[in-house]
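The values are calculated or read from the model by the stated rules, or taken from the named source; none is laboratory data. The shown structure was predicted, so the numbers you read here are calculated from the model rather than taken from an experiment. We place every Cβ from the backbone using ideal geometry, glycine too, and count neighbours over all the protein chains shown. Just so you know, the surface numbers come from the protein's heavy atoms only, side chains and all, with ligands and any DNA or RNA stripped out. Shrake-Rupley method; radii C 1.70, N 1.55, O 1.52, S 1.80 Å.
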Amino acid sequence: MKTSNLCAVLVLFLLVLSCADTEDQEVNIVLIIIDTLNADHLGCFGYYRDTSPVIDSLAASGILFTNCQAQAPWTLPGMASIFTGLAERSHGCSHYNGLSHGLDPEMPTLTTILKEQGYSTAALVNVGYLGEPFGITKGNDYFWINEDGSDNADITVDTLLDYFSSNEIPEPFFATIHLFDPHLPYDPPSPFDTLFKHSGTNGVTEWPEIELCFDPVIIEHMTAMYDSEIRWTDSQLSRLFAGMREMGLADNTLFILIADHGEEFMQHGDWGHAHNLYQQALHIPLILTGPGIEPGTVTPQNVGQYDLLPTVLEYLGIPVPGHVEGINILGEIPLDRVIPSSGVMADTSSAACLQGSMKVLWFVEPDSSETFNLADDPGEMNMLTTDSLLLNEVLSYWAWPCICIPTTNEEAQIEMKRLEGLGYIR
Ligand SMILES: [Zn+2]
């Protein structure tokens, strides 16, 4: 048996064990957010490379949602949807009118709600958008942030395990761990840097000038390096699960894995993310495993990032605030539900809705739309006649009034400028 497969089986074994003996205990929550993780690059989604043995075993030990849609194609609004249960137009935590807007200080988040319910709360994050000025990670008893964009999944995992081992952590706990490594630059540590390497492009970790981006050799190299970053991150999750098990903390814990958005490799003429609302930027993984979750469950219905908050709260028996737009996806998921996404980006502002396999994208400037049937055309290459009913859903969504009062405080603007300088806003 290959080491990776052995490792995956071990993780599965440990997590299946953790599903037992949980009566009358309040369940702990560990939320794992992997930045820039395109679902289609994972083994459990059928990818051809062995990028994710640990994530695959995590999916096998619980429920895998195969059609989870990000509510936005970049970090700030996607993270806000995860923590608020709201779509991008509703939470307003995004970038528009030349300003970055933080979350409404009065808006409850998954963290603040669980804290009110008696959970001890901790978050370890690796990007400035999850820092204090934007408010998404407010309410943590313990908060650790690294903003240099380096490949540090190992350090982040070590820090969380140190936190668990060096403190008397009251249970139940809610811990958020955000791993940034698959985000550009694609620069995984050795030996992962040569795992899927393509010849002839040694040392290239950033996309070159736009003309060269269409070079198939460049695209293949960047894809291989991105895949290596996923495999490196996956390896560190194995250490997280093993460490928690050793400390007796994997028992009675619900593990959640999700991403803030995906990543593009020139399929629609752009690289990275935050450019458009095609599926490469929106299709993300969502996995839940723990007490009461049936192992080996696969759910193909459409779900969204904004479903996470109501799902966790209902799972724990905590009332869901009335303003929340997502639904409990461990219950019945309506087949005809409409999942919205949107983005006010540097290139263009647009919104999209997914209903069943039909998807409509609408572009603000110039006013135009595209309709695709993802069942026949997952790459969104063959435009169909406009689905006018679904287009109306998109336009209605775009016109929704923001139910939050987003902050535009000075700290958020300074942080936005700093992140622009680092290349996180393009
Ligand atoms: Zn991100």
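Residues in the stretch 118-139 that are at pLDDT 95 or above and of a type in the set (Ser, Thr, Tyr) were compared, and the one that is nearest to the chain's Cα centre (by Cα) is Thr137.
May I ask you to say which residue of Thr156, Thr176 is closer than 16 Å to Ile29 by Cβ, within 16 Å of the ligand (Cβ to nearest atom) and either among the small types (Gly, Ala, Ser) or not in a loop (DSSP other than H, G, I, E, B) (or both)?
Exactly one of Thr156, Thr176 is closer than 16 Å to Ile29 by Cβ, within 16 Å of the ligand (Cβ to nearest atom) and either among the small types (Gly, Ala, Ser) or not in a loop (DSSP other than H, G, I, E, B) (or both), namely Thr176.
In the stretch 232-241, the condition of being modelled with pLDDT under 90 and within 16 Å of the ligand (Cβ to nearest atom) is met by no residue.
For Lys115, the criteria (1) away from the ligand (no atom under 16 Å from the Cβ); (2) at pLDDT below 95 hold in every case but one, which is (2).
Yes/no per residue for (1) touching a strand residue (DSSP E or B) at 6+ places or on another chain (Cβ under 8 Å); (2) open to solvent by 30 Å² or more (accessible area, probe 1.4 Å); (3) over 30 Å from Gly98 (Cα atoms):
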| residue | (1), (2), (3) |
| --- | --- |
| Val324 | no, no, no |
| Pro334 | no, yes, yes |
| Glu365 | yes, yes, no |
| Phe372 | yes, no, yes |
| Asn382 | yes, yes, yes |
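Filtering the stretch 269-290 to residues that are assigned to a strand (DSSP E or B) and within 16 Å of the ligand (Cβ to nearest atom) leaves Trp271, Gly272, His283, Ile284, Pro285, Leu286. The one condition from (1) at pLDDT below 95; (2) open to solvent by less than 10 Å² (accessible area, probe 1.4 Å); (3) over 27 Å from Glu171 (Cβ atoms) that Ser4 does not meet is (2). Within the stretch 279-322, being open to solvent by less than 20 Å² (accessible area, probe 1.4 Å) and β-branched (Val, Ile, Thr) holds for Ile284, Ile287, Thr289, Ile293, Thr299, Val303, Thr311, Val312, Ile318. Contact map, the stretch 200-214: first residue among the small types (Gly, Ala, Ser), second residue at pLDDT 70 or above and open to solvent by less than 80 Å² (accessible area, probe 1.4 Å), Cβ cut-off under 7 Å, separation 6 or more or different chains; pairs are Gly200/Val217. Which numbered condition in (1) at pLDDT 95 or above; (2) under 20 Å from His273 (Cβ atoms); (3) part of a strand (DSSP E or B); (4) touching a helix residue (DSSP H, G or I) at 6+ places or on another chain (Cβ under 9 Å) is the only one that Glu380 fails? The failed condition is (3).
With respect to the conditions (1) modelled with pLDDT under 95; (2) open to solvent by less than 60 Å² (accessible area, probe 1.4 Å); (3) not in a strand (DSSP E or B), Asp347 falls short on a single one, namely (2).
Does Asp376 satisfy the condition of being open to solvent by 80 Å² or more (accessible area, probe 1.4 Å), free of Cβ contacts under 8 Å to residues at least 24 places away in the same chain and within 30 Å of Asn97 (Cβ to Cβ)?
no
Cβ separations smaller than 9 Å between residues 6+ apart or across chains give the following pairs from the stretch 106-130 residues that are assigned to a loop (DSSP other than H, G, I, E, B) to residues that are basic (Lys, Arg): Thr109/Lys138. Condition check: on the phi > 0 side of the Ramachandran plot and away from the ligand (no atom under 16 Å from the Cβ). Does Met266 satisfy that? The answer is yes for Met266. Number of residues in the stretch 131-145 that are outside any strand (DSSP E or B), under 30 Å from Thr205 (Cβ atoms) and open to solvent by 30 Å² or more (accessible area, probe 1.4 Å) equals 2.
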